[in-house]
1. Going through segment 52-92 one residue at a time, which ones are of a type in the set (Gly, Ala, Ser) and closer than 20 Å to HIS109 by Cβ?
2. Look at segment 17-65 and say how many of its residues are near the ligand (Cβ under 10 Å from one of its atoms) and either modelled with pLDDT under 95 or part of a loop (DSSP other than H, G, I, E, B) (or both).
3. Limited to segment 198-231, what total is found for residues that are under 14 Å from LEU19 (Cα atoms), surrounded by fewer than 11 Cβ atoms within 10 Å (Cβ to Cβ) and either touching a Gly at 6+ places or on another chain (Cβ under 6 Å) or of a type in the set (Asp, Glu) (or both)?
4. Could you list all residues from segment 6-31 that are in contact with a strand residue (DSSP E or B) (Cβ under 6 Å, 6 or more places away or on another chain) and of a type in the set (S, T, N, Q)?
5. Just checking: which of the strands (runs of 3 or more DSSP E) contained wholly in segment 124-231 hold 3 or more residues that are under 24 Å from LEU25 (Cα atoms), without any contact (Cβ under 8 Å) to a residue 40 or more places away in the chain and more than 16 Å from the ligand (Cβ to nearest atom)?
6. Can you confirm whether segment 6-15 contains a residue that is assigned to a strand (DSSP E or B), hydrophobic (A, V, I, L, M, F, W, C) and within 13 Å of the ligand (Cβ to nearest atom)?
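The values are calculated or read from the model by the stated rules, or taken from the named source; none is laboratory data. Owing to the predicted nature of the structure, the values given are computational and were not obtained by experimental measurement. Note: ideal-geometry Cβ built from the backbone for every residue, glycine included; neighbour counts use all protein chains shown.
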Amino acid sequence: MKQLTIAIDGPSGVGKSTLSKILSLDLGYLNLDTGAMYRSVALAATRRGIDATDHDALRQLCDEIVIEFDHKEGAERVLLNDEDVSVAIRTPEISLLTASVAACPDVRHAMVARQRELGAGGGVVLEGRDVGTVIFPDADVKFFLKASAEVRGRRRFLELQVKGVTVDLARTIAEVQARDTADTTRTMSPLVQAEDAVVIDTTDLDIPQVLKRMFAVVADCQRANESSQSS
Ligand code: DC
């Protein structure tokens, strides 16, 4: 069976990571979290005292760091120069800085090249903002997920509450809206829906309902590939 390249794009808090993990696990595919790569660059920049506006230094940094993914005891890990940074890249400070670092064209060139390398050959689910438009415009299946900022903010709020983190709901929604603005208004590779993407509005859907739709689309693609191979 053909090893598909599956793109999942959409704004923050729409459920991409959860869905991408389940889909890739079920299909036996590689899961590639492209946002984790931009986060790793932001972390490396912070540690070296590089400002997000210093594009020359960021370009050089991208040449010097190695970002990899692996699994340990069932958990996916992000490695920055062999160090497990899976937790360190998820702090609010790094989230904020990542939006600026990801707007730097040199950083995007370097990350897109690495993402293409990691995803070459198919059998991969990539999640991010520009997978179906820039990284793999010829992906076999493209999903674009969306949900209202209120619903995404509320989901994030509940997630943090479960973790025992006290946050303000209105502020969490405002943060989601601010990240949407940064993602959709940057000059290079802004978040846009690919024309041929399957759009799923998850506002009123839970994870199993969204997965059911995604698996149906993937199965259709696999069937279409099989019949074109056998004819
Ligand atoms: O998906 P995430 O929240 O981990 O993404 C972190 C940041 O990186 C966010 O500001 C959007 C940006 N990003 C991007 O510009 N392009 C991607 N392909 C993935 C993420």
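1. Taking segment 52-92 first, the residues of a type in the set (Gly, Ala, Ser) are 52, 57, 74-75, 86, 88.
Within segment 52-92, ALA52, ALA57 meet the criteria.
2. The qualifying residues number 1.
3. Residues that pass the stated criteria total 1.
4. Step one: list which residues in segment 6-31 are in contact with a strand residue (DSSP E or B) (Cβ under 6 Å, 6 or more places away or on another chain), which gives 6-10, 14, 16, 20-21, 23-24, 29-31.
Answer for segment 6-31, where residues must be in contact with a strand residue (DSSP E or B) (Cβ under 6 Å, 6 or more places away or on another chain) and of a type in the set (S, T, N, Q): SER20, SER24, ASN31.
5. Working: elements: 124-128, 141-146, 198-201.
Fully inside segment 124-231 and qualifying: nothing.
6. Initial filter on segment 6-15 (assigned to a strand (DSSP E or B)): 6-9.
Then drop every residue that is not hydrophobic (A, V, I, L, M, F, W, C), which leaves 6-8.
Cutting the leftovers down to within 13 Å of the ligand (Cβ to nearest atom) gives us 7-8.
Within segment 6-15 (the criterion being assigned to a strand (DSSP E or B), hydrophobic (A, V, I, L, M, F, W, C) and within 13 Å of the ligand (Cβ to nearest atom)), the answer is yes, since at least one residue qualifies.
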